[in-house]
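The values are calculated or read from the model by the stated rules, or taken from the named source; none is laboratory data. Quick caveat, the model's predicted, so the values are computed rather than measured. Reconstructed Cβ throughout: ideal geometry from the backbone, glycine too, with neighbour counts over all protein chains shown.
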Amino acid sequence: MRKPRLLFLTPALLFAGLTAAQAQNAPVVQQAETGTLGTDWTSPIQAGVQYISVVPTATIAAQNPGTAARVATYSVTFPGPGTYDLYARVRVGSAGANDDSFYYGNGFGLKSPTNDNDWITINQVAGVGYTTGSQVVDGAGSAQSNVWKWVNMSKIGGAETPISFTVTAGNLTQIFQLGAREDGFDIDKVVFGQTGLYFTVTNLDNGQQGSVNPPPPPFTPVGPPLATGKPKFLGGVYSTPQLPNFTAYWNQVVPENAGKWGSVEGTRDVMNWTELDAAYKLAKDNGYPFRMHVLVWGSQQPTWMETLSAAEQLTEINQWFAAVAQRYPAIDFLEVVNEPTHQPPNTTGGGGNYLNALGGSGATGWDWIIKSFQLARQYFPVSTKLMMNDYSVENTSASAQRYLDIVNLLKARNLLDVVGIQGHAFSTRPTPAATLTANLNLLASAGLPLYITELDIDGVNTAGQLDDQVQLAEYQRVFPVFWEHPAVKGVTMWGYRPGHWRTAQGAQLVNDDNTERTALVWLRSYVRTTTLATTPADNSAVSLYPNPVTNGYFTLRGTENVHTIRVVDMRGQLLREIAPRNQSSVAIKLNLRPGLYIVQLLSGTTISSKKLTIQ
């Protein structure tokens, strides 16, 4: 009987087989500038990166490059047969959605620049992609414009269904083509990676092998919100990118864009409440305070308003106020005017151009603001706290004083309940903590509660790379200044996830897989363990009787900690002001017509109200 022969592989053969397998797993990298470029392409070098971009053109074809001058051609040799996904390292320009599309060939081979069927149109790249080394470039991602980022072009569409590419054993060298669509779209590299493997940003940057192991499932926080049980809320902004896991972190809601007049009534008398309804519902379903952002502002306003007469504009403003008040009867905080010292509604192109319809500057210099708040008092219930909001009012004493002057104008007319300070990184980063505190103290001198309304803190280093330690250090420096200040009664984060309006500056607090960056881990612990001073007065314990009042006399009891009592009508007009001195009860005589009035109770930096009926 013949014995079978045993086959032994030498180390050299084993190494050769292993090397071939590794080569099959490695991405096939093409520097974009090494292809044969049509004459409309340029290949500049910026910050050490050479890339290709196309010269501006007034004509963009719908689904093809339109001319051979806008086509780039590459000869690509693959390590073995198989199916490959197309990756690209790209940068979307400052025009965002107008800079974020291109074409690639519908399969290998030379394509006709004018044949739609020869090209795959890729669009809406402005809000997708990956930038962090450990991120797996698989789904959409959420990197934004003006950054170099990796995108799996075989996994995203935005215009047409994307494709993968098949390489057969006898045809390892293939022709591949790109086509230009929008002139603000820059391409550094194109890479083919074997379908079914997973490549991180680092893998693609360095031409390293992919992994057969998929990325771990996204991290899921369990909650409760960070400020649960605290005397201050820590809120979040409502928008589609910021919604995942919202209730695990934040306990107050404000819409990012949905409440802006231009978002709701972009077409005259056609109201789109959908997203604003959803933000309001999120707050009310969870028992969170809701802040309406915003009634009057000099940005994102209806363009159709700009050419109306002043009388027509005022009518439309009244209708806007009334519509919001009717649809959302339980608004907790209402931004009546946003950014008055920076962006008044006096320009065209989305700026409203209706400042004069509200009275212009007038005798006070700010009559248009006063009129806006008078209308708000008219249309909204007393339970809604009226707010003004602005940015860069905490970084210099001059800007704080200017803002305080407006606050005091409104306060003197009983039109303002709380003061909003945005708290963006571009205001806080260059400002010493002591200066921030001093300006908070100055703004608190009006005796009204302060709220930090749009907090974000950047997290990139000087090289523009995400840097957890940079963000952590700034959170530890800035956040306690706001959170522990006795006049500040709540803080709202202006986004926390990728897709954040300052994603390019690294202000997000979580990664694409929802894992928490170091600053968020610290923030959770800090908020939970920090003991905050509480306001000594509890004006809910103040009683008012009789109510209704029949002879003009009524008494307030439990007023030991109340320093000011005001009686105002439903328009906010001051009718009577009393300053009790540690009195446990105060008797008041009013000579007013029958009707509904408001008694305001001020204590420290808090304000509460009680309804008073006179018969």
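Being in contact (Cβ under 8 Å) with a residue 60 or more places away in the chain and either buried (at least 21 other Cβ atoms within 10 Å of the Cβ) or closer than 16 Å to Met271 by Cβ (or both) is not true of Leu334. Residues in the range 150-190 that are hydrophobic (A, V, I, L, M, F, W, C), farther than 16 Å from Thr36 by Cα and in contact (Cβ under 8 Å) with a residue 40 or more places away in the chain: Trp150, Val151, Met153, Ala159, Ile163, Phe165, Val167, Ala169, Leu172, Phe185. All of Asp85, Asp99 fail the test of being modelled with pLDDT under 95 and either closer than 20 Å to Thr131 by Cα or within 34 Å of the chain's Cα centre (by Cα) (or both), apart from Asp99. Please go through the range 378-407 and give me each residue that is over 11 Å from Leu442 (Cβ atoms), hydrophobic (A, V, I, L, M, F, W, C) and without any contact (Cβ under 8 Å) to a residue 60 or more places away in the chain, ordered by number. Selection gives Phe380, Leu386, Met388.
Of all residues in the range 433-464, those satisfying the criterion of being part of a strand (DSSP E or B), of a type outside the set (Ser, Thr, Tyr) and touching a residue at least 60 places away in the same chain (Cβ under 8 Å) are Leu450, Glu454. Just one of the listed residues (Leu410, Leu466, Leu436, Leu455) is of a type outside the set (Phe, Trp, Tyr), within 30 Å of Glu577 (Cβ to Cβ) and out of contact with any Lys or Arg (no Cβ under 6 Å at 6 or more places or on another chain), and it is Leu410.
If the condition is being surrounded by 14 or more Cβ atoms within 10 Å (Cβ to Cβ) and farther than 11 Å from Tyr354 by Cβ, then the range 285-296 contributes Asn286, Tyr288, Pro289, Phe290, Arg291, Met292, His293, Val294, Leu295.
Is it the case that some residue within the range 403-416 is in the same structural domain as Glu335 (by TED's automatic domain parsing) and under 25 Å from the mean Cα position of the chain (by Cα)? For the range 403-416, residues in the same structural domain as Glu335 (by TED's automatic domain parsing) and under 25 Å from the mean Cα position of the chain (by Cα): present.
Selection over the range 550-600 of residues that are in contact with a Phe, Trp or Tyr (Cβ under 9 Å, 6 or more places away or on another chain), farther than 29 Å from Leu409 by Cα and surrounded by 16 or more Cβ atoms within 10 Å (Cβ to Cβ) gives a count of 1. The set of residues from the range 241-270 being surrounded by fewer than 20 Cβ atoms within 10 Å (Cβ to Cβ) and farther than 18 Å from Lys284 by Cα comprises Pro241, Asn257, Gly262, Ser263, Gly266, Thr267, Arg268, Asp269, Val270.
Filtered by the rule that a residue be at positive phi and surrounded by fewer than 20 Cβ atoms within 10 Å (Cβ to Cβ), the range 91-144 gives Gly96, Gly107, Gly109, Gln124. Taken over the range 506-525, the residue count meeting the criterion of being touching a helix residue (DSSP H, G or I) at 6+ places or on another chain (Cβ under 7 Å) and on the phi < 0 side of the Ramachandran plot is 8. Kindly indicate the residue of the range 297-319 that is among the hydrophobic types (A, V, I, L, M, F, W, C) and either within 24 Å of the chain's Cα centre (by Cα) or buried (at least 23 other Cβ atoms within 10 Å of the Cβ) (or both) and also nearest to Lys371 (Cα to Cα) among those meeting that condition. The selected residue is Trp297. Scanning the range 487-507 for residues that are at pLDDT 95 or above and either within 18 Å of Asp467 (Cβ to Cβ) or part of a loop (DSSP other than H, G, I, E, B) (or both) returns Ala487, Trp494, Gly495, Tyr496, Ala507.
Looking across the range 32-58, the residues that are in contact (Cβ under 8 Å) with a residue 40 or more places away in the chain and outside any loop (DSSP other than H, G, I, E, B) come down to Ala32, Thr34, Trp41, Val49, Gln50, Ile52, Ser53, Val54.
A search for C-beta distances below 6 Å between a residue of the range 583-601 that is without any contact (Cβ under 8 Å) to a residue 12 or more places away in the chain and of a type in the set (Val, Ile, Thr) and any residue that is part of a strand (DSSP E or B) and crowded, with 17+ Cβ neighbours inside 10 Å, counting only pairs 6+ apart in sequence or on different chains, returns nothing. Applying the set (1) closer than 19 Å to Gly184 by Cβ; (2) more than 34 Å from the chain's Cα centre (by Cα); (3) buried (at least 17 other Cβ atoms within 10 Å of the Cβ) to Val76 leaves exactly one unmet item: (1).
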